[in-house]
Amino acid sequence: MVMNAVTTRKSVRNYSDRPIEDSVLNKILEAGRFAPSWVNVQPWKFIVVKSQATKDLLSESAGGQKQVKNAQVVICCVADIQDWDKSRFGKVLEQRGLDNDTKNFMLESKLYNPANLGEFEALMRSVEQLTYAVAYMTLEAHELGVGACIVGAFANELTKKDDELAKKVKSVLGLNDKQVLVDLLTLGYEAESVEIKKFRKPVEDVVFYESL
């Protein structure tokens, strides 16, 4: 069943006027919340946007991509490096039942806590983890009959496009300097079903055993 969703999922950019029921939206968000998380730190935030004014701003930041403007819902997927802070990360470790020695070892370790290496490393680890959550939400949306499209081309710290517009988006979404908007997940019921042919590299180009 999971493989069926993986192979039949597609990026949907044309949406109908049918609203997404809250019960359906909540299931999509729950899929993201339960995605795998390295050391269970879960360095992500999901901001649900339904306001047309905010969707218009997000679309502008994405070079006018229509699926952002016309989506019923846009989930703003945020990497939050604050979740690696010793207070937050320590609380997560305590909830897992770790003893103080083990907890402190992990908090101080450069291997287990990338914040000890610097903000860039913590951001990279957070972006890595966030991608799992985004993937899970797209698969759940597909299973529920909701079209989705992942948008990564917009003004933010990663693309270095239009700093002023990126700052405006961050302000509207209530983000601080340690929170980075990484993906926009646009959602809506497909206006008209379109058949697509997926292209993927041959397995021998991407799968290797023991070494390249």
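We did not get these values from a lab; they are worked out from the coordinates using the rules stated. These numbers come from a predicted model, not from an experiment. Neighbour counts are summed over all protein chains in view; Cβ atoms, including those assigned to glycine, are modelled from backbone coordinates with ideal geometry.
Within segment 1-88, all pairs of alpha-carbon atoms sorted by distance into 10 Å bins from zero give the percentages 13, 36, 36, 14, 1. Note on segment 143-197: semi-axes of the ellipsoid equivalent to its C-alpha gyration tensor, largest first and rounded to whole Å, are 29, 13, 9. Rounded to the nearest 20 debye, the dipole magnitude of segment 60-212 is 260 debye, with +1 charges on Lys and Arg beta carbons, -1 on Asp and Glu beta carbons, and the Cα centre as origin.
Please give the calculated 222 nm ellipticity per residue for the chain, where each DSSP H segment of at least 4 residues contributes -39500 (n - 2.57) and the sum is spread over every residue; nearest 500 deg cm²/dmol? List each step's numbers first, then the result.
Numbers: 9 runs with 93 residues, N = 212.
For the chain, the value works out to -13000 deg cm²/dmol.
Hey, in the GNM for the chain with a 10 angstrom Cα cutoff, which one of Lys198, Lys110, Lys91 fluctuates hardest? Top of the fluctuation ranking is Lys198.
Hey, fewest Cβ within 10 Å first, where do Arg125, Arg9 land in order? Don't skip to the end; give the middle numbers.
Details: Arg125 21, Arg9 17.
So the residues, fewest neighbours to most, are Arg9, Arg125.
Quick one: work out Rg over Rh on the C-alpha atoms of segment 58-146, Rh as Kirkwood radius.
Values: Rg = 17.5 Å, Rh = 15.6 Å.
For segment 58-146, the value is 1.13.
Scattering from the chain was approximated by placing one identical point on each alpha carbon and applying the Debye formula without solvent; log10 I(q)/I(0) at 0.18 1/Å stands at -1.27. Fewest neighbouring Cβ atoms within 10 Å first, the residues Ser61, Ser23 line up as Ser23, Ser61.
When DSSP beta bridges are limited to those with both residues in the chain, what percentage is antiparallel, rounded to the nearest 5? If I count the DSSP bridges inside the chain, around 95 percent turn out antiparallel.
Let me spell out the model: positive unit charges on the Cβ of Lys and Arg, negative unit charges on the Cβ of Asp and Glu, origin at the Cα centre of segment 32-94. What dipole size does that give, in debye rounded to 20?
Numbers: 9 positive and 6 negative charges, 38 e Å.
Here the size comes out at about 180 debye.
Distance from the alpha carbon centroid of segment 42-79 to that of segment 110-138 works out to 21 angstrom.
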